[in-house]
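Chemist: Below is one structure. I have some questions about it.
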Amino acid sequence: MMKITDRKLEHLYVSKKYDVESSATGFEDVSLLHRALPEVDKDSVDTTTVFLGKELDFPFVIPAITGGHPKLRDVNRRLALAAERLNVGIGVGSQRAAIEDGSLAGSLEVVAESAPNALKIANLGAPQLVEGYGVDEANQAIDMIDADVFCIHLNFLQEAIQLEGDTDSDGVINSIEKLSNELDIPVMVKETGAGISRPVGRLLEDAGVDAIDVAGLGGTDWTIIESIRARNEGNRFKESLGQTFSGWGIPTVSSLLELDVDIPVMASGGVRSGIDIAKSIALDADVAGVALPLVKPATENIDQVTNYLNRLKEELKIAMFLTGSKNISELKETPIVITGKTREWKESRSL
């Protein structure tokens with residue numbers, strides 16, 4: 001059985017080498033209404049926002065990309081430095097391995113060292129809550145990166161395909177409620193590529209969660225990653241399961257339309273441009289995140305990471321200008337047009 005640390009490294013390797021992206025985000029079905037007379041000075045467009053108590057220069061959080069491994073220290077450092085320079089948020093991958101083996105903590109502690117002022121999001125998986133992880137382990141994860149937010153990721157689709165998968169989800173919502181009540185910082189719950197439905201969103205809100213990341217279908221498809229890993233290990237059965245369930249889930253845009261909650265929402269899963277960020281905000285998200293396109297830059301140098309983020313910010317600013325939106329609040333109110341399969345989904349769900 002592969003060690004957790006080696007698995008984290010292999011996940012990053014597969015993500016970088018293979019095509020592991022789904023294509024059903026729904027962003028292609030959403031159009032922002034162009035305003036031929038914006039009546040706005042583009043230079044005065046204000047992209048700043050506040051998310052879970054922290055002001056961001058634009059509504060963006062680097063999502064969880066990788067967890068603890070000595071060879072990933074520089075990846076985490078570059079991402080954290082970029083978050084600090086651009087004043088955006090940053091999440092880390094699962095901290096389970098670093099909690100179980102303290103010698104791995106340094107590859108994540110670098111996030112606190114490199115981004116002392118940025119919004120930082122700690123992370124543990126829902127399967128670990130079933131195994132007995134609770135407030136003590138959550139606080140270890142929080143202290144490790146001096147986190148402002150604690151995140152619980154839901155990845156049961158991935159776990160069902162993964163060679164080493166944990167598929168017991170019985171009691172997770174009770175554990176989430178306990179953490180929401182007992183931790184001193186906001187608690188966020190995120191999916192990992194399969195989206196959040198309206199009933200689950202309401203269940204999480206009722207449990208006291210402070211924010212939700214829909215992390216919908218359309219970005220990194222973890223069933224593809226696990227299928228490739230299974231193939232490389234010679235496990236044809238698991239490889240076949242991964243192929244069968246590739247494309248399972250709720251597309252990101254449909255998930256944003258599904259949700260009906262009064263807590264902040266993050267959009268991730270196939271967000272690939274500043275226009276997609278603008279569409280997400282117009283669909284009532286509060287921030288957005290991009291993971292897969294940052295993998296290659298983060299393994300190379302800091303300038304590539306910051307250049308990519310600066311481009312996203314400028315694309316967002318232009319989209320806001322062309323919709324006549326002076327700030328993020330006005331962007332939330334900008335008209336949108338929904339067509340195609342997303343419209344069919346919306347109508348079939350009576351949303």
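The values are calculated or read from the model by the stated rules, or taken from the named source; none is laboratory data. Nothing here was measured: the structure is a model prediction, and the numbers come from that model. Here the Cβ is made from the backbone with ideal geometry for all residues, glycine too, and neighbour counts use every protein chain on show. Remember, those area values only see protein heavy atoms, side chains included, never the ligands or the DNA or RNA. Shrake-Rupley method; radii C 1.70, N 1.55, O 1.52, S 1.80 Å.
Chemist: Suppose a student asked you for the relative contact order of the chain, using Cα pairs under 8 Å spaced at least 6 residues apart; what percent would you report?
Modeler: Once normalised by length, the contact order is 24 percent.
Chemist: How far apart, in nm, are the 7 Å Cα→Cβ label points at residue 337 and residue 163?
Modeler: 5.0
Chemist: Using DSSP, restrict attention to beta bridges with both residues in the chain and report what percent are antiparallel, rounded to the nearest 5. Please list the in-between numbers first.
Modeler: On the way: 7 of 30 bridges.
Approximately 25 percent, going by the DSSP bridge assignments.
Chemist: Quick one: which of 271-282, 28-39, 47-58 comes out on top by average Cβ neighbours within 10 Å, and what's the full order, highest first?
Modeler: Highest-to-lowest ranking by the protection proxy: 271-282, 47-58, 28-39.
Chemist: About its Cα centre, what dipole magnitude does the chain give when the only charges are +1 on Lys and Arg Cβ and -1 on Asp and Glu Cβ, stated in debye to the nearest 20?
Modeler: Roughly 1140 debye, rounded to the nearest 20.
Chemist: Going down the list 71/120; 178/332; 54/317; 120/178, which pairs span over 23 Å between their C-alpha atoms?
Modeler: 178/332
Chemist: Once fully extended, how much extra length lies between residue 326 and residue 202, figured as 0.36 nm per residue of separation less the alpha-carbon to alpha-carbon distance?
Modeler: Fully extending the segment from residue 326 to residue 202 adds 41.5 nm.
Chemist: Let me ask something else. How do the peptides 210-223, 186-199, 139-152, 296-309 rank, highest first, by the average count of neighbouring beta carbon atoms within 10 Å per residue?
Modeler: Numbers: 210-223: 26.4, 186-199: 23.4, 139-152: 21.1, 296-309: 17.2.
Descending mean neighbour count gives 210-223, 186-199, 139-152, 296-309.
Chemist: Averaged per residue, what accessible area in Å² does the chain show with a 1.4 Å probe, protein chains only? Don't skip to the end; give the middle numbers.
Modeler: Values: 14390 Å² over 351 residues.
I get 41 Å² per residue for this part.
Chemist: Mind checking the dipole of region 65-118: about its Cα centre, +1 per Lys or Arg Cβ, -1 per Asp or Glu Cβ, Debye to the nearest 20? Kindly include the intermediate steps, with their values, before the conclusion.
Modeler: Values: 6 positive and 6 negative charges, 39 e Å.
Here region 65-118 has a charge dipole of around 180 debye.
Chemist: Tell me the label-point distance for the pair residue 311, residue 71, using the 7 Å Cα-to-Cβ offset, in nm and rounded to one decimal.
Modeler: Distance between the two pseudo-spin positions: 2.7 nm.
Chemist: Can you pull a Stokes-Einstein diffusion coefficient for region 70-179 at 37 °C (0.692 mPa s), Rh from Kirkwood over Cα pairs, as a whole number of µm²/s?
Modeler: For the chosen part, D equals 228 µm²/s.
Chemist: Among 203, 108, 316, which one moves the most in a GNM of the chain with springs linking Cα atoms closer than 10 Å?
Modeler: In the Gaussian network model the winner is 203.
Chemist: Take the solvent-accessible surface of the protein heavy atoms, probe 1.4 Å, and return the percent of it on the chain that carbon and sulfur atoms account for.
Modeler: Result for the chain: 46 percent of the exposed heavy-atom area is carbon or sulfur.
Chemist: Report, in degrees rounded to the nearest 10, the 0 to 90 angle that the Cα long axis of helix 135-145 makes with the longest principal axis of the chain.
Modeler: Result, in degrees: 70.
Chemist: Could you give the alpha-carbon Rg of the chain over 2.2 N^0.38 Å, rounded to two decimals?
Modeler: The reported ratio for this selection is 0.94.
Chemist: A further question follows. Rounding to the nearest 10 and keeping the result within 0 to 90°, find how far the Cα-based axis of helix 4-17 lies from the longest principal axis of the chain.
Modeler: That works out to roughly 40 degrees.
Chemist: Projecting each Cα onto the charge dipole of region 177-253 (Lys/Arg +1, Asp/Glu -1 at the beta carbon, about the Cα centre), which of 237, 217, 195 comes out farthest on the positive side?
Modeler: With unit charges placed on the Cβ atoms, the residue in question is 237.
Chemist: If I fit a long axis through the Cα atoms of helix 73-86 and take the longest principal axis of the Cα atoms of the chain, what angle between them do I get, 0 to 90°, rounded to 10?
Modeler: 20
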